[in-house]
Amino acid sequence: MKVFKFGGASVNSTTAVKNVKSILERYAEQQLVLVFSAIGKTTNALEKITTAAYGNHPDTGILLDDLKSYHLEIAGGLFPDPHHPVYGQIQEIFNRIQSLTKETNCPFDEFYDRIVPSGELLSTTIVSNYLRESGLDPWLVPACDIIVTDPRFRDAAINWSETEKRITEKVAAPILTGEKKIIITQGFIGATADGRMTTLGREGSDFTASILAFCLNAGEVIVWKDVDGLLNGDPAIFQNLVKIDHISYYDAIELAFFGAKILHPKTIKPLQNKSIPLRIKSFFHPESGGTLINNQSPGEMDVPFLIKKQNQVLISFVSKDFSFIAEDKLHLLFGIFNQLNIKVNLMQNSAISFSIIINHPGHKLEELLGILRNDFDIRYNEGLELLTIRNFNEPELNSLIAGKKVLLEQRSRRTIQLAYLS
Ligand code: ASP
């Protein structure tokens, strides 16, 4: 059994959805579990809609209409019959979004998790109808029936025992009894045991694929992308990149942690636990090998990996009473970071000062400063970039930071991280 994950770019047009079908035909003999993300940039659009609706902004309706037209255009190229049931199903999802946008009487993150997963509901509705029509007989299993989580909205943690039970019953059973050969579900989405929808964090569909593979003891996971495999940097930022044919779970997890946008950072661990190989392949060139990630080390890697995180904030805390920043103060600081769900990308301390680099947390920055100002003198800089180079060499490093004002630097044997004004 294989688990395939198709990201937003793999279904962002009529041609792209047709291409997914032709990829699946190459695996006609396999039992497949397919995980789909929302189409194209739908999740970004839904985030905008959610924010607008929560603030009661008059643009909400226009944004929603634009998103609906976008989906109807793609559906139009796949289902020429205007009476095809898919249109009623799409309409139903939009009706649901419409009524949810009015129910603002709950915390924002919960509101978000009721609406933003609609992107995946739309993509799987369109794709499953299309594959059925093409004779592939897929079975759609809603992710909120199988991925059980806690109620930490927008960053939910998996209830592994319950999730495994449900996947065994609702996904493994129909495949193993031969009743179904292709099962489709949504990435990114889960639900609490009492049925409230949750999400696993942005780009969480990779993680969904990994959860399914773990619970199904799958033979392989393939993540289909618009690139030929893993490159040693983001092509939108860096030039002269090379494709990596093979890396170990260990290196992949480190890269994902530092912010390489190859995979959701939680994806690797479940696969590594069961030694399930993961391949990143191009949906444009399905015949090529892509990048293999498994438990074998390809040997010493000397290719530098370049990872850049934008919109970073450097915050420095100095204890007001000039006492050392030791365990008690760190405990206080991390307790607050955890409470506000702020993830630290880099940290550094001296005797009485402690600095962190974080993704800009939006309105939570003021909240964080407000809580900690009693105990610390705080200075911060916004608008930074954090560059991480794994397997760095001095010439490469110097050329990348030439002319930049570096505010914080940290080196280990293989990795250097630098924060500078962008
Ligand atoms: N659609 C979600 C996102 O864009 C999840 C995913 O694509 O993995 O973040």
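The values are calculated or read from the model by the stated rules, or taken from the named source; none is laboratory data. Bear in mind that the values here come from a model prediction, so they are computed numbers and not experimental data. Here the Cβ is made from the backbone with ideal geometry for all residues, glycine too, and neighbour counts use every protein chain on show. We work out accessible area using only protein heavy atoms, side chains counted, and drop any ligands, DNA or RNA first. Shrake-Rupley method; radii C 1.70, N 1.55, O 1.52, S 1.80 Å.
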### Task
Filter the GluC sites (Glu not before Pro) in the range 136-222 to those in DSSP coil with at most 15 other Cβ atoms within 10 Å of their Cβ, and list the result.
Glu179
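Send over a whole-number figure in Å² for the accessible area per residue of the range 329-419, probe 1.4 Å. List each step's numbers first, then the result.
Details: 4780 Å² over 91 residues.
Accessible surface, normalised per residue, equals 53 Å².
Hey, what's the Cα Rg ratio for the range 311-422 versus the globular rule of thumb, 2.2 N^0.38 Å? Don't skip to the answer; put the middle values down first.
Numbers: Rg = 14.9 Å, N = 112, 2.2 N^0.38 = 13.2 Å.
Rounded to two decimals, the normalised Rg is 1.13.
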### Message
If I build a Gaussian network model for the chain, linking alpha-carbon pairs within less than 10 angstrom, which residue out of Thr198, Thr14, Thr208 has the largest mean-square fluctuation?
### Response
Thr14
### Query
the range 13-108: percent of C-alpha pairs farther apart than 22 Å?
43 percent
### Query
Using a cut-off of 28 Å between alpha-carbon atoms, which lysines can reach Lys329, once sequence neighbours fewer than 8 places away in the same chain are excluded?
Lys309, Lys320, Lys343, Lys364
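For the range 1-52, run through the GluC sites (Glu not before Pro) and keep only the ones in DSSP coil with at most 11 other Cβ atoms within 10 Å of their Cβ. Display every interim value, and only then the final one.
Details: sites: Glu25, Glu29, Glu47; in loops: Glu29.
Hits after loop and neighbour filter: Glu29.
Which of the GluC sites (Glu not before Pro) found in the range 282-365 are loop residues per DSSP with 11 or fewer other Cβ atoms within 10 Å of their Cβ? Show your work: numbers first, answer last.
Details: sites: Glu287, Glu300, Glu327; in loops: Glu287, Glu300.
Filter output for the range 282-365: Glu287, Glu300.
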## Note on the structure
Percent of all alpha-carbon pairs of the range 217-268 at distances over 17 Å, whole number, is 38 percent
### Query
How large is the charge dipole for the range 321-375, taken about the Cα centre, if only the Cβ atoms of Lys, Arg (+1) and Asp, Glu (-1) carry charge, to the nearest 20 debye?
200 debye
### Query
What is the local net charge at Asp321, summed over the other residues whose Cβ is closer than 13 Å to its Cβ (Lys, Arg +1; Asp, Glu -1)?
-1
### Summary
Taking a crude spin-label model, label points 7 Å out from Cα along the C-beta direction, the Asp145 to Arg26 distance in nm is 3.0 nm
### Message
Quick check on my link table: of Lys21/Lys41; Lys18/Lys281; Lys102/Lys170; Lys165/Lys225; Lys170/Lys274, which ones sit more than 26 Å apart, alpha carbon to alpha carbon?
### Response
Lys102/Lys170; Lys165/Lys225
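For Asn44 and Ser99 in the same chain, what is the full-extension length gain: residue separation times 0.36 nm, less their Cα-Cα distance, in nm? Provide the component values of the computation, followed by the final result.
Details: separation 55, 0.36 × 55 = 19.80 nm, distance 1.97 nm.
In short, 17.8 nm is gained.
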### Query
Over all Cα pairs of the range 223-307, how is the pair count split among 10 Å bins, expressed in % and running from 0 up to the last occupied bin?
18, 54, 26, 1
## Note on the structure
Note, the range 367-374: 3J(HN,Hα) by Karplus (6.51, -1.76, 1.60, θ = phi - 60°), whole Hz, Gly/Pro = x, goes 4, 4, 5, x, 5, 9, 5, 5
### Candidates Ile62, Ile183, Ile276: whichever shows maximal mean-square fluctuation once the chain is modelled as a Gaussian network with Cα springs under 10 Å
Ile62
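Where a ≥ b ≥ c are the square roots of the eigenvalues of the C-alpha gyration tensor, would you call the range 161-307 rounded, which needs a/c under 1.5, or, failing that, prolate if a/b is larger than b/c, or oblate?
Numbers: a/c = 1.99, a/b = 1.71, b/c = 1.16.
Because a/c hits 1.5 or more and a/b exceeds b/c, the range 161-307 counts as prolate.
Over 28 Å apart: what share of the alpha carbon pairs of the range 61-209 falls there, rounded to a whole percent? Can you show the working numbers first?
Values: 2606 of 11026 pairs.
The calculated P(r) of the range 61-209 puts 24 percent of pairs beyond 28 Å.
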### Query
For the chain, modelled as a GNM with alpha-carbon contacts under 10 angstrom, which of Ile253, Ile39, Ile336 fluctuates the most?
Ile336
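Please work out how much length the chain gains when fully extended from Ala173 to Lys18, using 0.36 nm per residue of separation minus the C-alpha to C-alpha distance, in nm with one decimal.
Working: separation 155, 0.36 × 155 = 55.80 nm, distance 2.84 nm.
Once the chain is fully extended between Ala173 and Lys18, it gains 53.0 nm.
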### Query
Where a Cα-Cα gap under 14 Å defines reach, which aspartates and glutamates qualify for Lys48, not counting those fewer than 8 residues away within the same chain?
Asp59, Asp65, Asp66, Asp109, Asp113
## Note on the structure
Among Pro58, Phe376, Val20, the residue whose Cα sits farthest towards the positive end of the charge dipole of the chain, when +1 is placed on the Cβ of each Lys and Arg and -1 on the Cβ of each Asp and Glu, is Val20
### Task
State in Å² the accessible area per residue of the range 43-181; use a 1.4 Å probe, count heavy atoms of protein chains only, and round to the nearest integer.
48 Å²
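Leaving ligands and nucleic acids out of the surface, order Arg132, Arg166 by accessible area at 1.4 Å, largest first.
Working: Arg132 110, Arg166 55 Å².
Ranked list, largest accessible area first: Arg132, Arg166.
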### Query
Taking the inverse of the average 1/r across all pairs of different Cα atoms in the range 149-233, what Kirkwood radius in Å do you get?
14.2 Å
### Message
Quick check: the angle from helix 249-258's long axis to the longest principal axis of the chain, C-alpha only, nearest 10 degrees?
### Response
70 degrees
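Calculate the FRET efficiency for Glu366 and Arg132 from the Cβ-Cβ distance with a Förster distance of 51 Å, rounded to the nearest 0.05. Display every interim value, and only then the final one.
On the way: r = 50 Å, r/R0 = 0.98.
Efficiency, from the Cβ-Cβ distance: 0.55.
Would you kindly state how much longer the chain becomes between Ala157 and Asn273 on full extension, computed as 0.36 nm times their sequence separation minus their alpha carbon distance, in nm to one decimal? Walk me through the numbers before you get to the answer.
Working: separation 116, 0.36 × 116 = 41.76 nm, distance 1.75 nm.
So the chain would gain 40.0 nm between Ala157 and Asn273.
Say R0 is 25 Å: what FRET efficiency, to the nearest 0.05, do Ser297 and Asn393 get from their beta-carbon distance?
Once the sixth-power term is evaluated, E becomes 0.75.
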### Query
So for the pair Lys261, Gln410, with labels modelled 7 Å out along Cα→Cβ, what separation do we get in nm?
2.3 nm
### Query
Could you give me the ³J(HN,Hα) list for the range 85-100, computed from phi with Karplus coefficients 6.51, -1.76, 1.60 and θ = phi - 60°, whole Hz, x at Gly and Pro?
x, 4, 5, x, 5, 4, 4, 4, 5, 5, 4, 5, 4, 3, 6, 5
### Message
Over 10 Å intervals from 0, what percent of Cα-Cα pairs in the chain sits in each interval?
### Response
4, 20, 28, 27, 16, 5, 1, 0
### Message
At a threshold of 8 angstrom on Cα-Cα distance, excluding pairs fewer than six apart, so keeping six or more, what relative contact order does the chain reach in percent?
### Response
13 percent
### Principal axis dimensions, the range 260-375 - Cα atoms, whole angstrom, descending
63, 30, 28
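So for the chain: antiparallel DSSP bridges make up what percent, rounded to the nearest 5?
If we restrict to bridges inside the chain, about 60 percent are antiparallel.
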### Query
Expressed as a whole number of Å, what is the distance separating the alpha-carbon centroids of the range 303-328 and the range 390-409?
18 Å
